[in-house]
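Scroll down for the structure; my scribbles are underneath it.
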Amino acid sequence: MKMKQSIYILLVSIFVVISSCEKDGDFLTTTGGGVVTLQGPTEDIVLNYDAADDLALTIYWTDNGEISLSNPGVLAPENAIANTIQLAANADFSNAVEQRAEDGIFQHQYTHYELNAQLSRLGMEGGVSYPLYIRIRSELGNNMPPAYSNVITMSVTPYLIDMSVGYILDSAMGETGRTLYSATSNGIYEGFLGVTAWYNWYLREGEGSVWGNDGVDGTAFMASKETSHWNFWFPGQAGSYYTILNTTAREWSALHIPTLTVAGDVNGEMTFDRTANRWSYAFNNTATGTINVTISGTGKQYNLTTGTDDAAATDTPIGFSGTPEKLTFGNNATPITVPVSGTGSVTLILDLSNPQQWLLTVTEGSSTPIEIPPLLYLSGVDDGTSGSWTFDNYLRLFNEDALGYGGGCNVNSLWGYKFYNEKDNWSDAYGMAEGGTALAGSLLFGGGVNITAPQAGLYLIEMYKKALTYKLTPISSVSYSGLDDDWTLHTMTPTETVGVYSAQVTIAGPSPWGFQIILNENWDLKFGGSNGELILYGGNLTNDASLSAGTYTLTVDVCKQIITLK
């Protein structure tokens, strides 16, 4: 089937504008690309989870990427026609799932897990044989009728997977225990996440696909599952975000909720517990029975249009409706009737931790978020220099989920050392568990064995309270990258103070993406941060945001985890 479309001459600018038209108002016509013939196997395909990474299906179609125009003096673009693969469970393609083909590529291969994911989105259950219909839709431009290839048909048997849950991974692709939910398993995952500023993350689908940013500068909310992708990152405001990842549209959005207000029988502003992913409001209850409340606020919508620019984020009214055990979320709030069994001090709790069921309850007693200490102290780590065990050395919190602390330290220890939760509190200590070494090992809270001291020198130290582990990395160099939007590594000069480095930097103005401090010329060992503090693995630094063109002195202290640019 051929396409013949009229294109007004003003649209020629998307090709190459030349002066071959005889007069204003000339029209160009095209017969479009060639007829698309789709080919592929027609025999039965039985998918196997154990062969998830093996090739299951290859389809290919004829090249329709070149078109000709009625005016030979106007150059037609390459790959002007967009091809989309459509898979359907019925012959009329009324429930098709789609995947855009890459420009200039006229074939597509599916592994067992990739094809299984598509079949799951079509509603096909594991272990059952279904007919599968495949065709190519070709489009020359917006608002122009598409053309379709022939249809190939085969029988497919998917394996059972759960595509309703998307698993949140951290920046190192480690499990976090948090999820988003796709109620109809259609590849659109939603839910509330409590995150720190610039939180980095990935999402893993049930069949194993891992989604992150598309790896292109300036597209913070584009999504990709290609191996070249980067992690996603939230905006620079910590707190609660209603998060939607649409794998079909390959984009995601983050609706920041800075505050929630409860009104009705009780009135006030709720408190957010980021770690527990819940909001709470404590009040004094005088009688058992029920209370009627509305919960609402104004969110800030970040998406593909706004990027992470706070000024561009869109004010969006938000609210909850429904029943305490079946809450819904949207732009409006309606009264919710909540049972109350206790009197006196009680707490209204909006629990958003389970994306499959949000809950509103009243519990007896008060409920306040647990404060996480921002610093972790090391004592004994430098008694070879200071002459005693002090609390002068510390690590800074960088991962609230894992309770991870990190930073540089000038180690010169005579007898080993321990980690301490609180300054001058000798009771809450973490010592070394059996099998530990000077560079890595497990910890015991209250353990009586000092952590083995490494050879004296400057180290990056990481400690994870939840996992009860530690590791040390010798620091051989410190560099900066990203200032003046120059992402090469620039080695900094060590000063007379161990752990303090400086460099003269000349910039034309702020970097649009911020900058980083890199250790050992290893991009996996980096400091970000904000407000003059270095945060291990943190979001990019923005100390240059208010600077004009000029030459400045950049100074970092990896031991105190502070930075200046002036």
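Below are the figures for this structure:
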| quantity | calculated |
| --- | --- |
| Shape box of the chain [Cα atoms, principal axes, largest first, Å] | 86, 68, 52 |
| Summed residue charge, Cβ within 15 Å of G212's Cβ, Lys/Arg positive, Asp/Glu negative | -3 |
| Under Karplus coefficients 6.51, -1.76 and 1.60, residue-wise ³J(HN,Hα) of segment 40-48 in Hz, glycine/proline x | x, x, 10, 6, 5, 10, 10, 7, 9 |
| Amide H within-cut-off set for G436, under 5 Å, with H built and near neighbours excluded | S442 |
| Alpha-carbon Rg/Rh ratio, for segment 346-466, with Rh computed the Kirkwood way | 1.13 |
| Förster-model FRET efficiency, 51 Å R0, T343 and A545, C-beta, rounded to 0.05 | 0.50 |
| Spatial separation of Cα centroids for segment 160-229 and segment 327-393, in angstrom | 24 Å |
| Along the chain, longest interval not containing exposed GluC sites (Glu not before Pro), exposed being DSSP loop plus at most 14 other Cβ atoms within 10 Å | 126-225 |
| Dipole-positive endmost among H256, A503, L55 within the chain (Cβ charges, Cα centre) | H256 |
| For T469, distant residues with modelled amide H under 5 Å away | L443, Y464 |
| Cα→Cβ-extended label distance, 7 Å offset, between W415 and S427, nm | 2.2 nm |
| Segment 162-371 shape via C-alpha gyration tensor axes, a/c threshold 1.5 | prolate |
| Segment 478-565 shape via C-alpha gyration tensor axes, a/c threshold 1.5 | rounded |
| Contour minus Cα-Cα distance for Q107 and D484 (0.36 nm per residue) | 131.6 nm |
| Segment 330-337 - phi-based ³J(HN,Hα) in whole Hz, Karplus 6.51/-1.76/1.60, Gly and Pro as x | x, 8, 10, 10, 10, x, 10, 8 |
| Straight-distance crosslink candidates among aspartates and glutamates, where the alpha carbon sits under 18 Å from K418 and sequence neighbours closer than 8 are dropped | D382, D383, D392, D428, E434, E462 |
| Using a Förster distance of 45 Å, the FRET efficiency for E226-N267 (Cβ separation, nearest 0.05) | 0.35 |
| Relative contact order [Cα under 8 Å, 6+ residues apart], the chain, whole percent | 7 percent |
| Calculated from backbone phi, Karplus (6.51, -1.76, 1.60) coupling profile of segment 94-102 in Hz, x at Gly/Pro | 6, 10, 5, 9, 10, 8, 5, 7, 5 |
| S442/M154 FRET efficiency (R0 60 Å; Cβ-Cβ; nearest 0.05) | 0.70 |
| Ordering of 541-550, 348-357, 115-124 by burial proxy (mean other Cβ atoms within 10 Å per residue, highest first) | 115-124, 348-357, 541-550 |
| Rounded, prolate or oblate (a/c below 1.5 giving rounded, otherwise prolate when a/b exceeds b/c) for segment 237-330 by Cα gyration tensor | prolate |
| Amide H contacts under 5 Å for G166, placed H, 5+ residues apart | L180, Y181, S182 |
| Cα→Cβ-extended label distance, 7 Å offset, between A249 and S476, nm | 4.8 nm |
| Distance in nm between pseudo-label sites at T334 and I562 (7 Å out along the Cβ direction from Cα) | 5.6 nm |
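Here, each number is a calculation from the coordinates, and none is a lab measurement. The model shown is predicted, which means the values in this text are computed figures rather than measured ones. Backbone-built Cβ (ideal geometry, glycine too); neighbour counts: all protein chains shown.
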